[in-house]
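Remarks on the structure that follows.
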Amino acid sequence: MSPRQSQFEVDRLESEAKKQGVEVIKALYREMELNFGNGEEVRVQGEELKPENVWGCWFRVAGTKSGKYVEGRNAMIRKLGDKILMINGQSYMDWPRMGKIAQHALFAREGVPIIPTKIFYTKEQAMEWLGTAKFPMITKHDRGYQGKSVRKFDNKAQAIKFVDKINEKNLGMFLWQEYLPLKWDLRVIVLGGKVLGAMRRTAVGEEFRSNYSLGGSVERWELSREEEALAIRAAGAARLDYVGVDIMKDDEGRSYILEVNRQCQFAGFEKATGINVARAVVKYIITK
């Protein structure tokens, strides 16, 4: 877990598990121990994890700042993944960090609809494209979260100014996309290949980003069959057991996958929909 990023979700999981007589152990990656070649075992907070005492593990952060926890987490998944439920375990094995660029490449390969996206590695490439590009447009950082890295450019001069300021070696971390004028999108939570529910997030005032963390309003949304199928398809393509799928529409009603979030937070979602996500996750873990 990460106390800064996931305290609400972990506390909710603990609360709902307690109602069902299930204990939740909250742990940091640094509290993990691995033994190889002599009675192989994985320990967390000094206790060995095994099917007799653990139903499942839910990773709330990727653990990639230094890379050392990636190897430890993946060793845990390899050792226990066929005995204990490791939520999103296969996805973590495939993508240590599932950034936006990796997602777009995956969805493009799998035929999942995405907004056409450009990625450049030199300023010369970017400037050449900006000369004929359609405005407004947006750019976002591969590792951005909660909408904080998303920028909107209304004209070429604004975009060129932004490119000029970037260190060229970092340019390839940005995605460039056409700006869709609708000021709302959908957050769908998929668990175990089934949709739990959905909410609509709407930008407020002059803000064009609809994220709940940026002040966007939220309300329950009844998905169409097409929207539900698209969310499940995106979750399946990324091999995710638990995921928040973000869907946006153009002004003609066509749906696109913006991104998926495998550590999806759900404070705003529970508020908007009345759906008890934590209880559903606990039920999934103990019945899977």
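The values are calculated or read from the model by the stated rules, or taken from the named source; none is laboratory data. Since the model is a prediction, treat every value here as computed from it, not as a measurement. In this analysis, Cβ positions are derived from the backbone assuming ideal geometry, glycine residues included, and neighbour counts consider all displayed protein chains.
Table for the structure above
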quantity: Single residue of Val22, Val42 found to be touching a strand residue (DSSP E or B) at 6+ places or on another chain (Cβ under 7 Å) and either surrounded by 14 or more Cβ atoms within 10 Å (Cβ to Cβ) or within 18 Å of Ile285 (Cβ to Cβ) (or both); calculated: Val42
quantity: Flag if Leu240 is modelled with pLDDT of 95 or more, touching a Ser or Thr at 6+ places or on another chain (Cβ under 8 Å) and under 26 Å from Pro181 (Cβ atoms); calculated: no
quantity: Some residue of the range 218-229 being of a type outside the set (Asp, Glu), modelled with pLDDT of 95 or more, crowded, with 16+ Cβ neighbours inside 10 Å and outside any strand (DSSP E or B); calculated: yes
quantity: Single residue of Thr139, Thr122 found to be of a type in the set (S, T, N, Q) and under 20 Å from the mean Cα position of the chain (by Cα); calculated: Thr139
quantity: Residues that are modelled with pLDDT of 90 or more and over 19 Å from Gln103 (Cα atoms), drawn from the range 180-194; calculated: Gly192, Lys194
quantity: Sole residue being within 15 Å of the chain's Cα centre (by Cα) and loosely packed, with under 15 Cβ neighbours inside 10 Å, chosen from Gly236, Gly253; calculated: Gly236
quantity: Residue that is part of a strand (DSSP E or B) and in contact (Cβ under 8 Å) with a residue 24 or more places away in the chain, where the choices are Leu186, Leu240; calculated: Leu186
quantity: Among (1) surrounded by 15 or more Cβ atoms within 10 Å (Cβ to Cβ); (2) more than 16 Å from Leu240 (Cβ to Cβ); (3) of a type outside the set (D, E, K, R) - the single one Leu106 does not satisfy; calculated: (2)
quantity: Those residues of the range 130-183 which are of a type in the set (Lys, Arg) and not in a strand (DSSP E or B), in sequence order; calculated: Lys134, Arg143, Lys148, Lys156, Lys161, Lys165, Lys169, Lys183
quantity: Residue in the range 195-207 that is assigned to a loop (DSSP other than H, G, I, E, B), modelled with pLDDT of 95 or more and not polar (S, T, N, Q) present; calculated: no
